[in-house]
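The values are calculated or read from the model by the stated rules, or taken from the named source; none is laboratory data. All values reported here derive from a predicted model rather than from experimental measurement. Because the Cβ atoms are built from the backbone with ideal geometry, glycine has one as well, and the counts that use them run over all protein chains shown.
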């Protein structure tokens, strides 16, 4: 691609105008749908009737619960709050860490932040007018969940440092038996419940590559972005980061800017689609407005939701707006990366939206620094002090940071349903869940 191939500004402006027009129509239609839903289901006091409905659970056994929730992240805490709201106090939350937060407690790598606007990435019933940025960092999100835990008084229901090792459906008792082990003890403890709610998420169990030789022979220091080691000293070290997914996109620029490394090698398997991150601090005036008039923040949340829904629909149903977005993002790549060879390495081969779209303002600029090398050949072997790729090149490194994602395609907790059927075996071909709520094998 040469400079003559760069999209004319007038064409770019037309594409941007089409995008904004599409978003505007989506927002109007979305709010109209909200109004229609409210008129049909929630008008004339019907919401109050729903709120007054309470859950009931009768059992003579103290160790039996209405629900057992695995995980105290966004999902687990949200479920706990709503169970309490419906008058149900006979539930327990099992959390393997010593704090609430789930993903936002486990992931602490430099630059860790949300890639969804904070006004949307929060509970609809607990809007936060004091967000520091439009896209919050890990620490702020973890603090938000801590405050929600205390405000809604659900901390007493959480068993911290408790790891679930197995779940069995007991046909004779019509209950789940959940086997756990506490961090400070090897003794097993059992919990029994009518409903088992898996709220342990996907983005906390680190995944390491299994097709690279010599992984265990490396004599330098290693860590995973999902298992960050604050004790590693990066100053004046040769650092390799393997992977260019969401975590790497956030971590690598921070490593380069703030850790004083001598050279950074970035190992890329496939180039991702990257667009700009429209992040900025939330002003004091905005915070005061959101605090004084919560409806304004709710309206902003609705606008963000329907704008993003338009993007999702364009991927699922292959609307033409998807190609408009792809052209705009390609324009960003061309404008920011001047070197044709590097630009070719960074140009995605898949269609826009086939894989997760990443947001960053400093990814391309970081890769163009003189002490940063982008490696696109696959890694064949790890040696005691280097990494070797399939083309025979060897890269000397002191530290390896694995940013190779999470274990999202396997069941981390052995689960057995009716007549001892294994859920892992049932899902060996494909995962199937009824309306995203119940497993065919058993109600979990």
### Message
Please go through the stretch 414-425 and give me each residue that is touching a helix residue (DSSP H, G or I) at 6+ places or on another chain (Cβ under 9 Å) and in a loop (DSSP other than H, G, I, E, B), ordered by number.
### Response
414, 417
### Task
Look at residue 168 and say whether it is under 30 Å from residue 251 (Cα atoms), out of contact with any helix residue (DSSP H, G or I) (no Cβ under 6 Å at 6 or more places or on another chain) and either at pLDDT below 95 or not in a loop (DSSP other than H, G, I, E, B) (or both).
no
### Task
Among the numbered conditions (1) farther than 19 Å from residue 424 by Cβ; (2) outside the structural domain of residue 66 (by TED's automatic domain parsing); (3) part of a loop (DSSP other than H, G, I, E, B), tell me where residue 223 comes up short.
(3)
### Query
Considering only the stretch 178-199, how many residues are in contact with a helix residue (DSSP H, G or I) (Cβ under 8 Å, 6 or more places away or on another chain) and either surrounded by fewer than 12 Cβ atoms within 10 Å (Cβ to Cβ) or in a loop (DSSP other than H, G, I, E, B) (or both)?
1
#### Entry: Selection status of residue 61, under 20 Å from the mean Cα position of the chain (by Cα), over 16 Å from residue 196 (Cα atoms) and either assigned by TED's automatic domain parsing to the domain that holds residue 189 or surrounded by fewer than 18 Cβ atoms within 10 Å (Cβ to Cβ) (or both)
no
### Task
Select, from 390, 331, the only residue that is farther than 29 Å from residue 107 by Cβ and touching a strand residue (DSSP E or B) at 6+ places or on another chain (Cβ under 8 Å).
390
### Query
Can you find a residue in the stretch 38-58 that is modelled with pLDDT of 85 or more, under 31 Å from the mean Cα position of the chain (by Cα) and not in a loop (DSSP other than H, G, I, E, B)?
no
### Task
Within the stretch 356-371, track down each residue that is under 19 Å from residue 117 (Cα atoms) and either exposed (fewer than 13 other Cβ atoms within 10 Å of the Cβ) or touching a strand residue (DSSP E or B) at 6+ places or on another chain (Cβ under 8 Å) (or both).
356, 357, 358, 359, 360
### Query
Does residue 145 qualify as being assigned to a strand (DSSP E or B), assigned by TED's automatic domain parsing to the domain that holds residue 100 and under 24 Å from the mean Cα position of the chain (by Cα)?
no
### Query
Restricting attention to the stretch 270-312, and to residues there that are without any contact (Cβ under 8 Å) to a residue 60 or more places away in the chain and under 30 Å from residue 364 (Cα atoms), which single residue is nearest to the chain's Cα centre (by Cα)?
312
### Matching residues in the stretch 89-114 - criterion: being in a loop (DSSP other than H, G, I, E, B) and under 20 Å from residue 158 (Cβ atoms)
89, 90, 95, 96, 97, 98, 99, 100, 101, 102, 107
### Query
Going through the stretch 243-284 one residue at a time, which ones are touching a helix residue (DSSP H, G or I) at 6+ places or on another chain (Cβ under 8 Å) and assigned to a strand (DSSP E or B)?
264, 266, 274, 275
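Listed here are the residues, each with its yes/no results for (1) at pLDDT below 95; (2) within 25 Å of residue 406 (Cβ to Cβ).
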position: 100; (1), (2): no, yes
position: 106; (1), (2): yes, yes
position: 122; (1), (2): no, yes
position: 136; (1), (2): no, yes
position: 139; (1), (2): no, yes
position: 142; (1), (2): no, yes
position: 153; (1), (2): no, no
### Message
Condition first: surrounded by 12 or more Cβ atoms within 10 Å (Cβ to Cβ) and in contact with a strand residue (DSSP E or B) (Cβ under 9 Å, 6 or more places away or on another chain). Now tell me which residues in the stretch 270-295 satisfy that.
### Response
272, 273, 274, 275, 276, 277, 279, 282
### Message
I'm trying to understand the selection: among the residues of the stretch 229-269, which are without any contact (Cβ under 8 Å) to a residue 60 or more places away in the chain and touching a strand residue (DSSP E or B) at 6+ places or on another chain (Cβ under 6 Å)?
### Response
229
### Message
For residue 218, only one of the following conditions fails: (1) buried (at least 20 other Cβ atoms within 10 Å of the Cβ); (2) within 30 Å of residue 248 (Cα to Cα); (3) modelled with pLDDT of 95 or more. What is its number?
### Response
(1)
## Note on the structure
Filtering the stretch 141-163 for residues that are closer than 17 Å to residue 103 by Cα and touching a residue at least 12 places away in the same chain (Cβ under 8 Å) leaves a count of 12
